[in-house]
1. Report the accessible area of residue 279, computed with a 1.4 Å probe over the heavy atoms of all protein chains in place, in Å² rounded to the nearest 10.
2. List the residues, sorted by chain then number, that are 5 or more residues from residue 55 or on another chain and whose placed amide H is less than 5 Å from its amide H.
3. If you count only protein heavy atoms with a 1.4 Å probe, what accessible area per residue comes out for the range 230-276, rounded to a whole Å²?
4. Give me the distance between the Cα centres of the range 253-272 and the range 291-312, rounded to whole Å.
5. So who's got an amide H within less than 5 Å of the one on residue 138, skipping anything under 5 residues away but keeping other chains? H placed 1.01 Å off N, in plane.
6. For the range 116-123, just list the computed ³J(HN,Hα) in residue order, Karplus coefficients 6.51, -1.76 and 1.60, θ = phi - 60°, integers in Hz, with x standing in for Gly and Pro.
7. Set the Förster radius R0 to 30 Å, insert the Cβ-Cβ distance between residue 435 and residue 75 as r into 1/(1 + (r/R0)^6), and round the FRET efficiency to 0.05.
8. What nm distance separates the two modelled labels at residue 114 and residue 353, each placed 7 Å from Cα along Cα→Cβ?
Amino acid sequence: MSTVTRQIPIDDAPIERVVLAERSRSWWQLPTSLSVLALLALVVFGIRAPGDATTAYQIAREGNLNPGGIIPELVTVPTGATAIVLAVLCLAIAGFFWWVQATVRVLPRGVRPAALVAFGLLWVLAFLTWSIGRSTVDIGALLQTTLVLSVPLAFGAMSGVLSERAGVVNIAIEGQLLFGAFGGALVASITGSPWIGLLAAPIVALGIGALLALFAVGHHVQQIIVGVVLNVFAIGLTSFLFGTVMKQDPGRFNTAHRLPNLRIPVLADIPVLGRVLFDQNILVYLMWIISIGLTIALFRTRWGLRVRAVGEHPRAADTVGIDVNRTRWSNVLIGSAVAGLGGATLTLGTNVAFGEEMSSGKGYIALAAMILGRYHPLGAVAAALMFAFAEALQLRLGSLSSSADAVVSIPSQFLLMLPYIVTLFAVAGVVGRVRVPAADGVPYIKQ
């Protein structure tokens with residue numbers, strides 16, 4: 001008996017109408033936003049800047065970040081003209097997006113994010129040129145501060161990636177950072193060795209991870225509520241131990257220790273970036289190693305495939321023999337240990353004794369970095385660097401705004417809000433377009 005196969009015609013017109021209608025409502029949003037920001041930079045930072053103002057960029061210092069004086073130490077530019085040029089380049093990028101969106105062109109992979117990054121860098125340079133007019137900014141010092149501030153955020157964001165790729169919402173990053181900072185400082189003080197404190201920090205942070213896995217995975221409690229409660233628990237417990245133990249004998253239980261810098265020969269001699277990237281403590285190197293290793297593990301190994309399967313479709317993963325809850329347990333624990341390393345950065349990485357609530361909301365900013373990085377380790381690190389740059393800029397502008405040479409006096413209250421404003425706008429701008437793992441936050445009950 002022969003089988004006759006009929007091809008049923010499919011009418012794509014309704015689907016096309018839906019796609020075009022959706023596009024007609026949203027295609028203009030990105031170009032419009034970029035155009036408004038570029039015009040703001042042109043008018044406020046460029047045209048309205050005093051005509052006689054000049055901005056000095058201290059690129060590097062002889063013998064410090066610029067061995068041999070290879071590049072100029074100081075570059076002075078006219079404030080208004082430089083800001084106008086940078087704003088015009090921003091307008092050009094905005095025009096490029098208008099053209100792409102209007103002609104419905106598909107860009108090669110990586111062009112769109114590269115163009116957005118270029119726009120952001122140009123806009124920030126325009127703002128920086130305007131805000132520090134008649135003053136000098138040390139680029140090397142600004143980059144150094146950015147990198148130091150980014151390390152705890154990056155470790156916290158990677159902790160979130162590990163947990164949420166397996167389907168567990170990790171709001172408890174704040175508590176894990178705090179436990180890591182407390183454990184690292186306490187053990188380093190007792191033993192007199194920052195290296196032993198570094199080993200203790202992720203182990204102590206495992207306590208928060210174990211509680212999160214126990215309630216969220218083992219008892220199927222609502223994961224966001226568990227995370228918030230664990231953060232409050234971490235703040236309360238560390239504050240209690242700080243007041244009853246560390247304050248009573250700070251010389252024994254809370255002395256400042258610092259991990260030594262490990263200089264990489266040759267690479268550390270590269271002008272400007274050499275010392276910033278290759279003359280740091282081991283935590284900075286671990287940040288790069290873990291982010292690259294985690295990217296390879298998640299997207300190029302069988303283990304990573306299983307983790308992503310558990311986070312996307314746990315029922316299907318279970319049917320092929322993957323232990324869903326065991327995978328979630330292990331990922332939460334590994335993630336909490338990674339966050340513990342970020343907590344160690346707050347004390348052992350900066351030569352600072354432990355203080356109450358010293359994480360200061362960094363866990364929540366790390367959570368935003370994870371979302372902005374699209375649940376990707378390298379994206380999370382890049383977002384952490386952006387948020388850290390905003391905080392470093394806030395610290396620098398805070399000292400300049402009160403200077404008599406400043407072109408503009410920025411209110412200190414706004415400067416204090418700057419890192420959080422950047423976080424809010426960054427997440428609000430992409431959260432609607434980020435694809436969350438399908439089973440993230442959904443408990444799995446084996447049947």
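The values are calculated or read from the model by the stated rules, or taken from the named source; none is laboratory data. Because the structure is predicted, anything quoted here is derived from the model rather than measured. Every residue, glycine as well, gets a Cβ built from its backbone with ideal geometry; the counts of neighbours run over all protein chains shown. Note: areas computed on protein heavy atoms with side chains; ligands, DNA, RNA excluded. Shrake-Rupley method; radii C 1.70, N 1.55, O 1.52, S 1.80 Å.
1. 30
2. Result for residue 55 returns 77, 79, 134.
3. Working: 2660 Å² over 47 residues.
Each residue of the range 230-276 exposes 57 Å² on average to a 1.4 Å probe.
4. Here the two parts' Cα centres lie 31 Å apart.
5. 58
6. Values, residue by residue: 5, 5, 4, 4, x, 5, 5, 5 Hz.
7. Working: r = 42 Å, r/R0 = 1.42.
Calculated transfer efficiency: 0.10.
8. Once both label points are built, they end up 5.1 nm from each other.
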